[in-house]
Amino acid sequence: MNVHASLLGLYQPQDGWLFRLGAGWKYLLLLALTIPALVLWQWWFTLASLVLVLALLGSSGITVRRALNIGSMLWILLAILAVYQVVTLRFDQAVTSPGNVLLAVLASRMLTLTTSTPDLLDALAAGLRPLRWVRVDPDQVALAVAIMVRSIPFLLGSFAEVRDAARARGRDGNVLSLIVPAVVGAVAYAQSTGEALHARGVVERGSVDSADPPGRGSVRG
């Protein structure tokens, strides 16, 4: 499904320096690229940061075309955001608002395009280990991030498939024909994900049962 791969991209091993750089250092590089632009909120700095992240990706063999292949839906969203700022006569914001969103996406793709998912999650769990002092399980946080990273592109792709199917039947103008199948698919995906986690012993069945209202039976396995 093209939309699934377009948002964060697919990891394909190469010889560039970003591919050899440790995942932890790449997380720090992501923060160094995105946080200053969000703090300064200046159009020229946002543009400079975009050029920099594209240059970093290019120096590791990732072309501008591949880096900017983030899917039509996100480009439409960025365009709407820019047009809104222009209409409200905030011309600087027409660059900084969508530009900083694009910067965050490209910086994230810098990780996902050059690092395997297991390495990303291992580095994230290692970086969150100090949170054990406040009773936060870093492995559970890493798992939640993994599910989010996998789910968001999947749901976007599912909606695109529903839209294409409705258009093929000449029903793309019917909102319900778009929303209902997408919601049903999202619920089915959530259920299958929960069952997979339970089958691997990640989610305790007792934790699900305890959420049942008093007087109702437990959920069957």
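Where q = 0.09 Å⁻¹, what log10 of I(q)/I(0) comes from the Debye formula for the range 1-115, counting one point per Cα?
-0.24
I'm a student and want to see the number: the projected area of the Cα convex hull of the range 34-92, averaged over all directions, in nm².
4.6 nm²
At Ala165 and Gln42, where each label point lies 7 Å from the Cα along Cα→Cβ, what is the point-to-point distance in nanometres?
Roughly 5.1 nm, to one decimal.
FYI, it's all coordinate maths here, none of it is from the lab. Given the structure is predicted, the values throughout are model-derived calculations rather than measurements. Every residue, glycine as well, gets a Cβ built from its backbone with ideal geometry; the counts of neighbours run over all protein chains shown.
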